[in-house]
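Worksheet: one structure, shown below.
The values are calculated or read from the model by the stated rules, or taken from the named source; none is laboratory data. Please read these numbers as outputs of a predicted model, since none were measured by experiment. All Cβ positions, glycine included, derive from the backbone under ideal geometry; neighbour counts span all protein chains shown.
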Amino acid sequence: MILADFIKMFEAELADIIPGTILPETAYKQLDAWNSMQALILIAMVDAEYGVTLTAENLHDCITVSDLFSVVQNKKTVLNS
Amino acid sequence: MFTVSGIKLSGLAVSVPKQKVSNNDYPFASIKEKELFIKTTGIQNRRIAPEGLTASDLCFEAAEKLLHEMQCVKSEIGVLLFITQTPDWIIPPTAIRLQHRLGLPKACIALDINLGCSGYVYGLSVISSLLKTTGAKKGLLLVGDVSSSVVSEKDKSTSPIFSDAGSATLMDVSDADSAIHFSLHNDGEGYNAIIIPDGGMRSKFTPASVEVQKISEGIERNKTHLIMNGVDVFNFSLREVAPDVKQLLPYCGKDTKDVDYFVFHQANLLMNEAIRKKLAIEPEKVPYSLKDFGNTSSASIPTTLVTQLREQLTNEKLSLLLSGFGVGLSWGTAILETDKIACLPLIEI
(Lines give C-alpha, C1' and ligand atoms only; values in the text may rest on other atoms or scores of the structure.)
Protein backbone atom coordinates (compact mmCIF):
# COMPACT_ATOMS: atom_id res chain seq x y z
CA MET A 1 0.00 0.00 0.00
CA ILE A 2 1.33 3.40 -1.00
CA LEU A 3 0.20 6.63 0.62
CA ALA A 4 0.45 8.58 -2.66
CA ASP A 5 -1.97 6.14 -4.35
CA PHE A 6 -4.38 6.42 -1.42
CA ILE A 7 -4.32 10.22 -1.63
CA LYS A 8 -4.86 10.11 -5.39
CA MET A 9 -7.94 7.91 -4.94
CA PHE A 10 -9.17 10.05 -2.07
CA GLU A 11 -8.92 13.15 -4.27
CA ALA A 12 -10.70 11.44 -7.14
CA GLU A 13 -13.66 10.62 -4.92
CA LEU A 14 -14.02 14.11 -3.43
CA ALA A 15 -16.14 16.67 -5.24
CA ASP A 16 -14.53 19.96 -6.29
CA ILE A 17 -10.98 19.12 -5.24
CA ILE A 18 -8.06 20.20 -7.40
CA PRO A 19 -5.66 17.25 -7.81
CA GLY A 20 -2.48 17.73 -5.79
CA THR A 21 -4.08 19.82 -3.07
CA ILE A 22 -4.65 16.95 -0.62
CA LEU A 23 -1.59 16.26 1.52
CA PRO A 24 -0.91 13.53 4.12
CA GLU A 25 -1.42 16.09 6.87
CA THR A 26 -4.69 17.46 5.43
CA ALA A 27 -7.45 17.48 8.06
CA TYR A 28 -10.00 15.98 5.71
CA LYS A 29 -13.07 16.71 7.85
CA GLN A 30 -12.23 20.42 7.67
CA LEU A 31 -12.47 20.43 3.86
CA ASP A 32 -15.44 22.28 2.38
CA ALA A 33 -16.13 19.24 0.22
CA TRP A 34 -16.37 16.87 3.20
CA ASN A 35 -19.84 15.79 4.35
CA SER A 36 -21.71 12.64 5.38
CA MET A 37 -22.23 11.61 1.76
CA GLN A 38 -18.48 11.86 1.12
CA ALA A 39 -17.95 9.60 4.13
CA LEU A 40 -20.03 6.87 2.46
CA ILE A 41 -18.22 7.40 -0.84
CA LEU A 42 -14.88 7.00 0.98
CA ILE A 43 -16.07 3.83 2.74
CA ALA A 44 -17.17 2.35 -0.60
CA MET A 45 -13.83 3.28 -2.19
CA VAL A 46 -11.78 1.74 0.63
CA ASP A 47 -13.93 -1.39 0.61
CA ALA A 48 -13.53 -1.81 -3.16
CA GLU A 49 -9.82 -0.96 -3.37
CA TYR A 50 -8.46 -2.42 -0.15
CA GLY A 51 -11.14 -4.88 0.98
CA VAL A 52 -11.42 -3.41 4.47
CA THR A 53 -14.19 -1.55 6.31
CA LEU A 54 -13.87 1.95 7.71
CA THR A 55 -16.24 2.33 10.65
CA ALA A 56 -17.97 5.44 11.98
CA GLU A 57 -15.51 5.28 14.88
CA ASN A 58 -12.53 5.25 12.50
CA LEU A 59 -13.84 8.30 10.68
CA HIS A 60 -14.45 10.04 14.00
CA ASP A 61 -11.02 9.25 15.40
CA CYS A 62 -8.90 10.02 12.33
CA ILE A 63 -7.85 13.63 11.86
CA THR A 64 -5.63 13.59 8.78
CA VAL A 65 -5.57 11.69 5.51
CA SER A 66 -2.41 10.02 6.77
CA ASP A 67 -4.34 8.78 9.85
CA LEU A 68 -6.95 7.25 7.56
CA PHE A 69 -4.25 5.59 5.47
CA SER A 70 -2.71 4.07 8.62
CA VAL A 71 -6.05 2.65 9.73
CA VAL A 72 -6.63 1.10 6.31
CA GLN A 73 -3.08 -0.24 6.22
CA ASN A 74 -3.40 -1.79 9.69
CA LYS A 75 -6.75 -3.38 8.90
CA LYS A 76 -5.38 -4.81 5.66
CA THR A 77 -2.39 -6.25 7.51
CA VAL A 78 -4.71 -7.94 10.04
CA LEU A 79 -6.88 -9.25 7.20
CA ASN A 80 -3.91 -10.78 5.42
CA SER A 81 -2.26 -12.23 8.53
CA MET B 1 -31.11 -21.98 4.11
CA PHE B 2 -34.25 -23.84 3.15
CA THR B 3 -36.51 -24.57 0.22
CA VAL B 4 -40.28 -24.39 -0.05
CA SER B 5 -41.52 -26.45 -2.99
CA GLY B 6 -44.88 -26.58 -4.75
CA ILE B 7 -45.60 -22.85 -4.35
CA LYS B 8 -45.37 -20.28 -7.14
CA LEU B 9 -45.59 -16.54 -7.55
CA SER B 10 -48.44 -16.00 -10.01
CA GLY B 11 -49.35 -12.31 -9.91
CA LEU B 12 -47.93 -8.94 -8.94
CA ALA B 13 -49.19 -5.35 -8.73
CA VAL B 14 -47.74 -2.17 -7.25
CA SER B 15 -49.37 1.13 -6.49
CA VAL B 16 -47.73 4.46 -5.73
CA PRO B 17 -49.09 7.90 -4.85
CA LYS B 18 -49.57 10.23 -7.84
CA GLN B 19 -47.73 13.03 -6.09
CA LYS B 20 -44.13 13.30 -7.40
CA VAL B 21 -41.42 15.21 -5.59
CA SER B 22 -38.03 16.03 -7.11
CA ASN B 23 -34.92 16.01 -4.95
CA ASN B 24 -33.76 19.02 -6.98
CA ASP B 25 -36.49 20.91 -5.12
CA TYR B 26 -35.53 19.67 -1.63
CA PRO B 27 -35.48 22.90 0.38
CA PHE B 28 -33.16 21.95 3.25
CA ALA B 29 -29.87 21.30 1.40
CA SER B 30 -27.59 23.40 -0.81
CA ILE B 31 -27.57 22.99 -4.59
CA LYS B 32 -24.15 21.32 -4.40
CA GLU B 33 -25.34 18.94 -1.69
CA LYS B 34 -28.40 18.04 -3.76
CA GLU B 35 -26.32 17.40 -6.90
CA LEU B 36 -23.95 15.13 -5.00
CA PHE B 37 -26.88 13.39 -3.29
CA ILE B 38 -28.67 12.67 -6.57
CA LYS B 39 -25.49 11.50 -8.30
CA THR B 40 -24.47 9.26 -5.38
CA THR B 41 -27.81 7.78 -4.36
CA GLY B 42 -29.35 7.71 -7.83
CA ILE B 43 -32.56 9.10 -6.33
CA GLN B 44 -33.95 11.93 -8.45
CA ASN B 45 -37.68 11.71 -7.76
CA ARG B 46 -39.90 10.28 -5.09
CA ARG B 47 -43.59 9.53 -4.58
CA ILE B 48 -45.19 10.98 -1.49
CA ALA B 49 -48.55 9.89 -0.07
CA PRO B 50 -50.89 12.73 0.81
CA GLU B 51 -52.24 12.90 4.36
CA GLY B 52 -54.74 10.10 4.85
CA LEU B 53 -53.35 7.71 2.22
CA THR B 54 -51.76 4.83 4.11
CA ALA B 55 -49.61 1.85 3.17
CA SER B 56 -52.67 -0.37 3.59
CA ASP B 57 -54.59 1.83 1.11
CA LEU B 58 -51.82 1.47 -1.46
CA CYS B 59 -51.67 -2.30 -0.93
CA PHE B 60 -55.48 -2.55 -1.01
CA GLU B 61 -55.68 -0.86 -4.43
CA ALA B 62 -52.91 -3.09 -5.77
CA ALA B 63 -54.65 -6.19 -4.40
CA GLU B 64 -58.12 -5.28 -5.69
CA LYS B 65 -56.84 -4.67 -9.21
CA LEU B 66 -54.67 -7.78 -9.17
CA LEU B 67 -57.44 -10.09 -7.95
CA HIS B 68 -59.86 -8.60 -10.48
CA GLU B 69 -57.39 -8.91 -13.36
CA MET B 70 -56.59 -12.52 -12.42
CA GLN B 71 -60.29 -13.34 -11.89
CA CYS B 72 -59.25 -14.78 -8.56
CA VAL B 73 -61.85 -16.58 -6.45
CA LYS B 74 -61.49 -14.77 -3.12
CA SER B 75 -62.78 -17.71 -1.10
CA GLU B 76 -59.65 -19.62 -2.15
CA ILE B 77 -57.35 -17.13 -0.42
CA GLY B 78 -56.38 -18.70 2.88
CA VAL B 79 -53.47 -16.48 3.96
CA LEU B 80 -53.10 -12.69 4.00
CA LEU B 81 -49.86 -11.10 5.17
CA PHE B 82 -49.38 -7.37 5.51
CA ILE B 83 -45.74 -6.44 5.89
CA THR B 84 -45.11 -2.86 6.87
CA GLN B 85 -43.51 -0.54 9.39
CA THR B 86 -46.22 2.04 8.84
CA PRO B 87 -49.43 0.23 9.84
CA ASP B 88 -52.77 1.99 10.15
CA TRP B 89 -52.73 1.50 13.91
CA ILE B 90 -50.60 -0.01 16.68
CA ILE B 91 -53.73 -1.94 17.65
CA PRO B 92 -55.51 -3.67 15.89
CA PRO B 93 -53.47 -5.48 13.24
CA THR B 94 -54.01 -3.81 9.87
CA ALA B 95 -54.01 -7.16 8.05
CA ILE B 96 -57.31 -8.09 9.68
CA ARG B 97 -58.90 -4.84 8.51
CA LEU B 98 -57.55 -5.56 5.03
CA GLN B 99 -59.06 -9.04 5.14
CA HIS B 100 -62.48 -7.43 5.62
CA ARG B 101 -61.92 -4.62 3.10
CA LEU B 102 -60.86 -7.12 0.44
CA GLY B 103 -63.83 -9.40 1.12
CA LEU B 104 -61.71 -12.37 2.05
CA PRO B 105 -63.16 -15.26 4.07
CA LYS B 106 -63.06 -15.20 7.87
CA ALA B 107 -61.07 -18.43 7.76
CA CYS B 108 -58.27 -16.58 5.98
CA ILE B 109 -55.26 -16.23 8.30
CA ALA B 110 -54.38 -12.52 8.53
CA LEU B 111 -51.11 -11.31 10.06
CA ASP B 112 -49.09 -8.12 10.27
CA ILE B 113 -45.31 -8.48 10.14
CA ASN B 114 -43.09 -5.60 11.20
CA LEU B 115 -40.19 -5.58 8.74
CA GLY B 116 -38.76 -3.01 6.38
CA CYS B 117 -36.24 -3.47 3.60
CA SER B 118 -35.97 -7.25 4.00
CA GLY B 119 -39.76 -7.58 4.28
CA TYR B 120 -40.58 -8.78 0.77
CA VAL B 121 -38.15 -11.71 0.93
CA TYR B 122 -39.28 -12.62 4.45
CA GLY B 123 -42.91 -12.29 3.34
CA LEU B 124 -42.39 -14.70 0.47
CA SER B 125 -40.91 -17.25 2.88
CA VAL B 126 -43.67 -16.94 5.50
CA ILE B 127 -46.55 -17.05 3.04
CA SER B 128 -45.05 -19.97 1.13
CA SER B 129 -44.52 -21.91 4.35
CA LEU B 130 -48.06 -21.16 5.57
CA LEU B 131 -49.56 -22.24 2.26
CA LYS B 132 -47.68 -25.51 2.52
CA THR B 133 -48.87 -26.23 6.05
CA THR B 134 -52.47 -24.96 5.99
CA GLY B 135 -53.60 -26.50 2.74
CA ALA B 136 -54.90 -23.16 1.47
CA LYS B 137 -54.85 -22.76 -2.32
CA LYS B 138 -53.80 -19.13 -2.52
CA GLY B 139 -52.09 -16.50 -0.41
CA LEU B 140 -51.96 -12.75 -0.72
CA LEU B 141 -48.76 -10.98 0.27
CA LEU B 142 -49.23 -7.25 0.80
CA VAL B 143 -46.03 -5.32 1.35
CA GLY B 144 -45.65 -1.57 1.55
CA ASP B 145 -44.75 1.53 3.47
CA VAL B 146 -45.44 5.24 3.60
CA SER B 147 -42.02 6.07 5.02
CA SER B 148 -42.54 9.73 4.14
CA SER B 149 -44.91 9.90 7.12
CA VAL B 150 -42.22 8.91 9.64
CA VAL B 151 -39.23 10.96 8.44
CA SER B 152 -38.61 14.59 9.31
CA GLU B 153 -38.82 16.74 6.20
CA LYS B 154 -35.93 18.75 7.67
CA ASP B 155 -33.65 15.72 7.96
CA LYS B 156 -31.47 15.61 4.85
CA SER B 157 -30.10 12.20 5.92
CA THR B 158 -33.50 10.51 5.51
CA SER B 159 -36.13 12.69 3.83
CA PRO B 160 -34.63 12.75 0.29
CA ILE B 161 -34.17 8.97 0.35
CA PHE B 162 -37.56 7.53 1.20
CA SER B 163 -40.58 7.19 -1.06
CA ASP B 164 -43.98 5.53 -0.71
CA ALA B 165 -45.40 2.40 -2.39
CA GLY B 166 -47.61 -0.61 -1.75
CA SER B 167 -47.63 -4.01 -3.44
CA ALA B 168 -49.75 -7.12 -3.79
CA THR B 169 -48.33 -10.52 -4.72
CA LEU B 170 -50.52 -13.56 -5.33
CA MET B 171 -48.97 -16.87 -4.39
CA ASP B 172 -50.48 -20.15 -5.60
CA VAL B 173 -50.12 -23.77 -4.63
CA SER B 174 -48.64 -25.38 -7.69
CA ASP B 175 -48.51 -28.94 -8.94
CA ALA B 176 -45.52 -28.01 -11.01
CA ASP B 177 -42.00 -28.75 -9.81
CA SER B 178 -41.57 -25.22 -8.52
CA ALA B 179 -39.33 -24.33 -5.58
CA ILE B 180 -38.37 -21.15 -3.77
CA HIS B 181 -35.03 -21.13 -2.00
CA PHE B 182 -34.38 -18.87 0.96
CA SER B 183 -31.55 -17.61 3.11
CA LEU B 184 -32.73 -15.41 6.00
CA HIS B 185 -30.67 -13.66 8.67
CA ASN B 186 -30.95 -11.11 11.48
CA ASP B 187 -28.60 -9.28 13.83
CA GLY B 188 -30.28 -7.53 16.75
CA GLU B 189 -27.01 -5.97 17.85
CA GLY B 190 -27.72 -3.35 15.21
CA TYR B 191 -31.29 -2.69 16.38
CA ASN B 192 -30.69 1.06 16.62
CA ALA B 193 -29.04 1.56 13.22
CA ILE B 194 -32.50 2.46 11.90
CA ILE B 195 -34.98 3.36 14.62
CA ILE B 196 -37.92 5.52 15.65
CA PRO B 197 -36.98 6.09 19.31
CA ASP B 198 -40.31 7.00 20.92
CA GLY B 199 -43.84 5.70 20.70
CA GLY B 200 -43.37 2.03 21.62
CA MET B 201 -43.43 0.53 25.09
CA ARG B 202 -39.62 0.80 25.60
CA SER B 203 -39.76 4.58 25.32
CA LYS B 204 -43.34 5.75 25.45
CA PHE B 205 -44.71 8.80 23.69
CA THR B 206 -44.59 11.93 25.87
CA PRO B 207 -44.93 15.63 25.04
CA ALA B 208 -41.10 15.72 24.85
CA SER B 209 -41.25 13.17 22.02
CA VAL B 210 -42.35 15.86 19.57
CA GLU B 211 -39.84 18.51 20.61
CA VAL B 212 -37.71 19.24 17.55
CA GLN B 213 -33.96 18.96 18.06
CA LYS B 214 -31.27 20.29 15.75
CA ILE B 215 -28.79 17.43 15.45
CA SER B 216 -26.47 19.13 12.93
CA GLU B 217 -26.72 21.43 9.91
CA GLY B 218 -29.59 20.13 7.77
CA ILE B 219 -30.78 17.59 10.32
CA GLU B 220 -33.71 18.55 12.53
CA ARG B 221 -36.11 15.96 13.90
CA ASN B 222 -38.04 14.80 16.95
CA LYS B 223 -38.13 11.43 18.67
CA THR B 224 -41.09 10.15 16.68
CA HIS B 225 -39.10 10.50 13.46
CA LEU B 226 -36.99 7.80 11.86
CA ILE B 227 -33.24 8.00 12.55
CA MET B 228 -30.77 6.24 10.30
CA ASN B 229 -27.08 5.75 11.08
CA GLY B 230 -25.92 5.89 7.47
CA VAL B 231 -22.38 4.59 8.04
CA ASP B 232 -23.49 1.59 10.13
CA VAL B 233 -26.21 0.62 7.66
CA PHE B 234 -23.81 1.07 4.75
CA ASN B 235 -21.14 -1.12 6.35
CA PHE B 236 -23.68 -3.76 7.36
CA SER B 237 -24.92 -4.00 3.77
CA LEU B 238 -21.40 -4.16 2.34
CA ARG B 239 -20.55 -6.92 4.83
CA GLU B 240 -23.60 -9.18 4.68
CA VAL B 241 -25.46 -9.01 1.37
CA ALA B 242 -22.94 -10.34 -1.14
CA PRO B 243 -21.91 -13.33 1.05
CA ASP B 244 -25.60 -14.22 1.56
CA VAL B 245 -26.16 -14.25 -2.21
CA LYS B 246 -22.96 -16.25 -2.73
CA GLN B 247 -24.12 -18.78 -0.14
CA LEU B 248 -27.62 -19.32 -1.53
CA LEU B 249 -26.66 -19.73 -5.19
CA PRO B 250 -24.70 -23.01 -4.77
CA TYR B 251 -27.28 -24.27 -2.24
CA CYS B 252 -29.79 -24.49 -5.08
CA GLY B 253 -27.22 -25.54 -7.69
CA LYS B 254 -26.99 -22.21 -9.43
CA ASP B 255 -24.33 -19.77 -10.50
CA THR B 256 -24.76 -16.06 -11.20
CA LYS B 257 -24.98 -16.88 -14.91
CA ASP B 258 -28.09 -19.03 -14.26
CA VAL B 259 -30.04 -16.07 -12.88
CA ASP B 260 -31.78 -13.75 -15.33
CA TYR B 261 -32.18 -10.82 -12.95
CA PHE B 262 -30.89 -9.87 -9.53
CA VAL B 263 -33.41 -7.58 -7.89
CA PHE B 264 -31.98 -5.92 -4.80
CA HIS B 265 -33.69 -3.73 -2.25
CA GLN B 266 -33.29 -0.22 -3.60
CA ALA B 267 -31.18 1.30 -0.83
CA ASN B 268 -29.08 3.74 -2.80
CA LEU B 269 -26.98 3.52 -5.95
CA LEU B 270 -23.59 3.72 -4.21
CA MET B 271 -24.41 0.81 -1.91
CA ASN B 272 -26.20 -1.30 -4.51
CA GLU B 273 -23.43 -0.86 -7.08
CA ALA B 274 -20.83 -1.84 -4.48
CA ILE B 275 -22.80 -5.05 -3.85
CA ARG B 276 -23.21 -5.70 -7.59
CA LYS B 277 -19.46 -5.30 -8.15
CA LYS B 278 -18.64 -7.63 -5.24
CA LEU B 279 -20.76 -10.27 -6.94
CA ALA B 280 -19.34 -9.49 -10.42
CA ILE B 281 -22.83 -9.32 -11.93
CA GLU B 282 -23.33 -7.62 -15.29
CA PRO B 283 -25.14 -4.25 -14.96
CA GLU B 284 -27.91 -5.32 -17.36
CA LYS B 285 -28.96 -8.07 -14.92
CA VAL B 286 -29.45 -5.63 -12.03
CA PRO B 287 -32.44 -3.33 -12.58
CA TYR B 288 -32.96 -0.11 -10.64
CA SER B 289 -36.09 1.86 -9.84
CA LEU B 290 -34.21 4.32 -7.59
CA LYS B 291 -34.24 7.22 -10.03
CA ASP B 292 -38.00 7.77 -10.04
CA PHE B 293 -39.19 5.84 -6.98
CA GLY B 294 -36.39 6.23 -4.42
CA ASN B 295 -36.10 3.84 -1.50
CA THR B 296 -39.60 2.45 -1.00
CA SER B 297 -38.53 0.33 1.99
CA SER B 298 -40.32 -3.05 2.02
CA ALA B 299 -41.93 -2.36 -1.39
CA SER B 300 -38.71 -1.65 -3.27
CA ILE B 301 -38.26 -5.14 -4.73
CA PRO B 302 -41.83 -5.45 -6.12
CA THR B 303 -41.65 -1.81 -7.29
CA THR B 304 -38.49 -2.62 -9.25
CA LEU B 305 -40.05 -5.79 -10.67
CA VAL B 306 -43.15 -3.95 -11.89
CA THR B 307 -41.49 -0.78 -13.19
CA GLN B 308 -38.38 -2.35 -14.74
CA LEU B 309 -39.20 -5.97 -15.62
CA ARG B 310 -42.92 -6.04 -16.35
CA GLU B 311 -42.58 -7.07 -19.99
CA GLN B 312 -40.16 -9.89 -19.18
CA LEU B 313 -42.25 -11.11 -16.21
CA THR B 314 -45.37 -11.14 -18.37
CA ASN B 315 -43.91 -12.85 -21.44
CA GLU B 316 -41.01 -14.99 -20.30
CA LYS B 317 -39.96 -17.70 -17.89
CA LEU B 318 -37.43 -16.09 -15.55
CA SER B 319 -34.99 -17.12 -12.88
CA LEU B 320 -34.89 -14.34 -10.26
CA LEU B 321 -32.76 -13.63 -7.25
CA LEU B 322 -34.33 -11.21 -4.77
CA SER B 323 -32.32 -9.68 -1.94
CA GLY B 324 -33.60 -7.41 0.84
CA PHE B 325 -31.53 -5.85 3.62
CA GLY B 326 -31.93 -3.14 6.22
CA VAL B 327 -33.73 -2.26 9.45
CA GLY B 328 -33.46 -4.84 12.22
CA LEU B 329 -30.80 -5.47 11.16
CA SER B 330 -32.36 -8.05 8.88
CA TRP B 331 -31.42 -9.48 5.51
CA GLY B 332 -32.61 -12.23 3.23
CA THR B 333 -32.22 -13.68 -0.23
CA ALA B 334 -34.69 -15.69 -2.30
CA ILE B 335 -34.19 -17.54 -5.57
CA LEU B 336 -37.29 -18.46 -7.54
CA GLU B 337 -38.60 -18.98 -11.02
CA THR B 338 -41.55 -17.18 -12.54
CA ASP B 339 -43.40 -18.26 -15.66
CA LYS B 340 -45.39 -15.57 -17.50
CA ILE B 341 -47.02 -14.13 -14.43
CA ALA B 342 -49.78 -11.54 -14.28
CA CYS B 343 -47.85 -8.32 -13.77
CA LEU B 344 -50.05 -5.24 -13.83
CA PRO B 345 -48.89 -1.84 -15.04
CA LEU B 346 -47.92 0.53 -12.24
CA ILE B 347 -51.02 1.83 -10.46
CA GLU B 348 -51.04 5.51 -9.46
CA ILE B 349 -53.42 6.74 -6.79
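Values as computed for the structure displayed
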item	result
Per-region count, region B:45-73, residues touching a strand residue (DSSP E or B) at 6+ places or on another chain (Cβ under 7 Å) and among the small types (Gly, Ala, Ser)	4
Odd one out for residue B:51 among (1) under 18 Å from the mean Cα position of the chain (by Cα); (2) within 21 Å of residue B:158 (Cα to Cα)	(1)
Residue that is hydroxyl-bearing (Ser, Thr, Tyr), buried (at least 22 other Cβ atoms within 10 Å of the Cβ) and modelled with pLDDT of 95 or more, where the choices are B:125, B:183, B:203, B:149	B:183
Residue selected from region B:245-268 under the condition surrounded by 18 or more Cβ atoms within 10 Å (Cβ to Cβ) and either assigned to a helix (DSSP H, G or I) or within 12 Å of chain A (Cβ to nearest Cβ) (or both), by the criterion nearest to the chain's Cα centre (by Cα)	B:267
Hey, residue B:132 surrounded by fewer than 24 Cβ atoms within 10 Å (Cβ to Cβ) and touching a Phe, Trp or Tyr at 6+ places or on another chain (Cβ under 8 Å) or not	no
Test: residue in region B:211-224 that is of a type in the set (Val, Ile, Thr), away from chain A (no Cβ under 14 Å) and more than 19 Å from residue B:193 (Cα to Cα)	yes
Residue A:22 being in contact with a helix residue (DSSP H, G or I) (Cβ under 9 Å, 6 or more places away or on another chain), within 22 Å of residue B:270 (Cβ to Cβ), away from chain B (no Cβ under 13 Å) and of a type in the set (A, V, I, L, M)	yes
Number of positions in region A:1-19 that are surrounded by 13 or more Cβ atoms within 10 Å (Cβ to Cβ) and either more than 14 Å from every other protein chain (Cβ to nearest Cβ) or part of a loop (DSSP other than H, G, I, E, B) (or both)	10
Test: residue B:69 is in contact with a Lys or Arg (Cβ under 8 Å, 6 or more places away or on another chain), of a type in the set (D, E, K, R) and modelled with pLDDT of 95 or more	no
Set B:43, B:7, B:77, B:83: member being in contact (Cβ under 8 Å) with a residue 12 or more places away in the chain, within 14 Å of chain A (Cβ to nearest Cβ) and crowded, with 17+ Cβ neighbours inside 10 Å	B:43
Within region A:35-81, considering residues that are more than 11 Å from chain B (Cβ to nearest Cβ) and assigned to a loop (DSSP other than H, G, I, E, B), the one surrounded by the fewest Cβ atoms within 10 Å (Cβ to Cβ)	A:81
Filtered residues of region A:68-81 (kept if out of contact with any Pro (no Cβ under 9 Å at 6 or more places or on another chain) and closer than 15 Å to residue A:6 by Cα)	A:68, A:70, A:71, A:72, A:73, A:74, A:75, A:76
Lone qualifier among B:316, B:311 - being surrounded by fewer than 18 Cβ atoms within 10 Å (Cβ to Cβ) and either without any contact (Cβ under 8 Å) to a residue 12 or more places away in the chain or in contact with a Phe, Trp or Tyr (Cβ under 7 Å, 6 or more places away or on another chain) (or both)	B:311
Some residue of region B:330-337 being under 16 Å from residue B:240 (Cβ atoms) and either surrounded by fewer than 24 Cβ atoms within 10 Å (Cβ to Cβ) or of a type in the set (Ser, Thr, Tyr) (or both)	yes
